[in-house]
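A short worksheet on the structure shown next.
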């Protein structure tokens with residue numbers, strides 16, 4: 001018998017089962033900043049892309065419309081993924097959906113792009129952060145890209161009832177310095193569906209070429 005969900009998974013299942021997109025702060029009708037960063041990489045349409053903590057984000061809708069063919073969305077909440085699949089209809093069959101906690105995710109392949117908007121900042125312990133970063137180093141192909149959005153030091157200290165880790169450009173770059181080279185960063189205000197403002201930091205990185213085996 002399957003055990004009932006508990007902990008972080010139960011938290012996010014409850015959020016997505018009880019709230020609509022207009023009732024959560026992170027909703028974006030158009031994920032403009034993420035798209036701008038992705039466009040800058042000039043990836044081929046077959047490039048494998050994974051959206052970490054993608055939930056029911058519309059990023060996958062736009063990437064499908066732009067012709068990207070190798071898309072994966074990972075989220076801890078099955079309810080969030082089900083909502084996204086329902087929204088996409090038949091197009092959902094062109095996406096790989098993975099229901100998993102990032103802390104227990106085993107990448108089935110390497111990716112040309114690892115995208116994370118507002119997942120990493122929920123990891124607030126040194127061990128969870130270290131595990132995530134080791135996973136990213138493993139999963140992003142050499143010369144591949146990682147783009148990340150977190151709450152800035154001028155942003156919220158909590159979201160959806162959970163604490164978050166804030167970052168500025170220096171501290172996020174330091175987290176990624178092993179294995180990645182920073183490309184650029186910027187901050188911006190996200191206007192929530194409630195007409196409140198949240199300050200985000202967005203940065204992009206390139207996976208360093210791994211040294212040849214001795």
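The values are calculated or read from the model by the stated rules, or taken from the named source; none is laboratory data. Since the structure is predicted, the reported quantities are computational estimates derived from the model, not experimental observations. No Cβ is skipped: glycine too gets one built from the backbone with ideal geometry, and neighbour counts run over all protein chains shown.
Taken over segment 76-91, the criterion of being without any contact (Cβ under 8 Å) to a residue 40 or more places away in the chain and either touching a strand residue (DSSP E or B) at 6+ places or on another chain (Cβ under 6 Å) or under 25 Å from residue 145 (Cβ atoms) (or both) is satisfied by 81, 84, 88, 91. Here are 165, 175, 86: which of them is in a helix (DSSP H, G or I) and touching a helix residue (DSSP H, G or I) at 6+ places or on another chain (Cβ under 7 Å)? Just one listed residue meets the conditions, 175.
Every condition in (1) part of a loop (DSSP other than H, G, I, E, B); (2) touching a strand residue (DSSP E or B) at 6+ places or on another chain (Cβ under 6 Å); (3) closer than 15 Å to residue 118 by Cβ is met by residue 154 except one, and the failing one is (3). Of all residues being touching a helix residue (DSSP H, G or I) at 6+ places or on another chain (Cβ under 9 Å) and assigned to a strand (DSSP E or B) in segment 90-110, which is farthest from residue 9 (Cα to Cα)? Just the residue, please. Out of the qualifying residues, it is 95. Selection within segment 50-66: residues that are within 14 Å of residue 82 (Cα to Cα) and in contact with a helix residue (DSSP H, G or I) (Cβ under 6 Å, 6 or more places away or on another chain). The member of this set that is surrounded by the fewest Cβ atoms within 10 Å (Cβ to Cβ) is 56.
Set side by side, the residues 124, 147, 153, 157 differ, and just one is on the phi < 0 side of the Ramachandran plot and crowded, with 19+ Cβ neighbours inside 10 Å, which is 147. Just one of (1) over 22 Å from residue 165 (Cα atoms); (2) at pLDDT below 95; (3) over 12 Å from the mean Cα position of the chain (by Cα) fails for residue 56. It is (3). With the requirement that a residue be touching a residue at least 40 places away in the same chain (Cβ under 8 Å) and at negative phi, what does segment 164-179 give you? The answer is 164, 165, 166, 167, 175, 176, 178.
Results for (1) in a loop (DSSP other than H, G, I, E, B); (2) in contact (Cβ under 8 Å) with a residue 60 or more places away in the chain; (3) under 23 Å from residue 73 (Cβ atoms), shown as yes or no for each residue.
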residue: 141; (1), (2), (3): no, yes, yes
residue: 145; (1), (2), (3): no, yes, yes
residue: 189; (1), (2), (3): no, no, no
residue: 209; (1), (2), (3): yes, yes, no
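Can you find a residue that is within 14 Å of the chain's Cα centre (by Cα), under 13 Å from residue 160 (Cβ atoms) and either assigned to a loop (DSSP other than H, G, I, E, B) or free of Cβ contacts under 8 Å to residues at least 12 places away in the same chain (or both) anywhere in segment 28-43? Scanning segment 28-43, I find no residue that is within 14 Å of the chain's Cα centre (by Cα), under 13 Å from residue 160 (Cβ atoms) and either assigned to a loop (DSSP other than H, G, I, E, B) or free of Cβ contacts under 8 Å to residues at least 12 places away in the same chain (or both), so the answer is no.
Scanning segment 160-174 for residues that are surrounded by fewer than 20 Cβ atoms within 10 Å (Cβ to Cβ), at pLDDT 95 or above and touching a strand residue (DSSP E or B) at 6+ places or on another chain (Cβ under 8 Å) gives 165, 166, 168, 169, 173.
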